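For reference, the structure discussed in these notes is given below.
The values are calculated or read from the model by the stated rules, or taken from the named source; none is laboratory data. Here the structure is a predicted model, which means the values were calculated and not measured. No Cβ is skipped: glycine too gets one built from the backbone with ideal geometry, and neighbour counts run over all protein chains shown. Heads up: the accessible areas ignore ligands, DNA and RNA and are worked out on the full protein's heavy atoms, side chains in. Shrake-Rupley method; radii C 1.70, N 1.55, O 1.52, S 1.80 Å.
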Amino acid sequence: MLTAIVGVNWGDEGKGRMVDLFSERYGVVVRYQGGNNAGHTVVNDRGSFILNLMPSGILRAGTVNVLGPGMVIDLEHLCGEAERLRQGGILISPETLKISGKATICMPYHKLLDCLEEDRLAGKKFGSTRRGIAPVYADKYMKKTLRMEDLLELENLEERVGDIAEWKNLTVSGGYGHEPVQAAALMDWLRQYGAPWRDYICDTTEFLDEAAEAGRDILFEAQLGALRDIDYGIFPYTSSSSTIAAYAPIGAGIPGRQLDETIGIMKAYSSCVGEGPFTCEFFGQEAEQLREAGGEYGAATGRPRRVGGFDVVASRYGVKTQGCTFLALTKLDVLSSLDRVPVCVAYEVDGERTDSFPTGRRLAQAKPIYEYLPGFGDVSGCRKREDLPQAALDYVAYLEKAVGCPIKYVSVGPERDAYIEMF
Ligand code: GDP
């Protein structure tokens, strides 16, 4: 079984928590896009962990984890993340983690360029996480990046790194007026943070192909959500990679295979990190209450997330874009304190009601049209469908119908067992 777990919304839907739950059934978990620009928070019997680059399966003994060719990897960050996990008792070894030689290395100058550009933009910034993700993907398509496999030939890299540094300095010092990057320092960085991973680098395509052939179940773990996809998201306020399920086999390294199932993770309300149009946004006290109740602060950056009511228009678009087989609805417990639950059922654009998700100026100017459903009180202790109050069941059924996809799981807390299987 090849299954993708993907975000239906703007990211932070609780994908990591659901992958952690489902990884029991899968022998292999693969990250297929993005870098350390977002984070999953996973709480289980071994503790609370923040994962930026590692697949969430790393927390489960016996699971093989893969960083696929579609990823961009900051080696220094990978070393730090591995160290923190090891301190938490997690085994990181070439048996538990395999890194594609085709994955792209995110270099220190990518981070630097990200920061220089955000600083230049000042008030008009994109809300980048400043982790170098846009610059490194741009360089990938310029075909001027290093890949993980290059670490296997460090001794032959000096000339190439020298050429790249010369090219980068046209922008770093020539454009931004920053002091130039030094090839020797880049080589030192590659040796220090790259060498520890040499034994982890392999042909993950071969590994995954064999695993699939042997009938092992493979889980593809996405970062961010449909609305952040480079092509289908709220461009230009998107991520720089393909966050959609259709890209999973490509970014993971087995482009010739097809997914059997796509599980969409959808949040019971809306949240969004960074800039860009966010039609359902709450402000003031209403926002603060929801943010506090949901602990809505970025796992990678600590930034307070923007929050709002459930957005049917955006979520239906997200479900369709992802091609979801079924959904897991997360964080229903966060709405416990609301007397009535706001749901944005349509947008008003240019004075007209619309059900379809707009782009560009039309999205920026869209206004939410809300309906209110009855509140349902505390559901955090519910573990079976029968435990849920009728109003909560009604809310779930309403969302199911509105987005056009069955909700198979409802999560009511961050802990591993805090969920309900609906059917
Ligand atoms: P991801 O990137 O999609 O994995 O999401 P994040 O980890 O950034 O954000 C999800 C946050 O919500 C994490 O802190 C989770 O521990 C937490 N979480 C996940 N599911 C639930 C839930 O059902 N209820 C509550 N209260 N928290 C949850």
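Here are a few things to note about the model shown:
- Computed helical MRE - 222 nm, the chain, DSSP H runs ≥ 4 contributing -39500 (n - 2.57), nearest 500: -9000 deg cm²/dmol
- Nearest-0.05 FRET efficiency for GLN390 and ALA184, computed from C-beta distance (R0 56 Å): 0.25
- Taking N as its residue count, the alpha carbon Rg of the chain over 2.2 N^0.38 Å: 0.99
- In this simple spin-label approximation, ALA214 and ASN156 carry label points 7 Å from Cα along the Cα→Cβ vector, and these lie 3.1 nm apart.
- Charge dipole (the chain, unit charges on Cβ, about Cα centre) - positive-most of ALA293, PHE357, PRO108: PHE357
- Summing Cβ point charges (Lys, Arg +1; Asp, Glu -1) relative to the Cα centre of segment 251-354 gives a dipole of roughly 320 debye.
- Segment 182-259 - Rg over Rh from alpha carbon coordinates, Kirkwood radius: 1.11
- Charged neighbours of GLN33, selected by a Cβ distance under 15 Å, balance to +2 (K, R count +1; D, E count -1).
- Note on surface exposure: GLU281, GLU83, GLU275 rank GLU83, GLU275, GLU281 by accessible area, highest first, 1.4 Å probe.
- 10 Å-binned pair-distance histogram of segment 92-159 (Cα, whole percent): 19, 38, 28, 13, 2
- The trypsin sites (Lys or Arg not before Pro) of segment 115-202 that meet both conditions, a loop assignment by DSSP and at most 10 other Cβ atoms within 10 Å of the site Cβ, are LYS143.
- Stretchable slack from ALA397 to GLU275, in nm (0.36 nm times residue separation minus alpha-carbon distance): 40.8 nm
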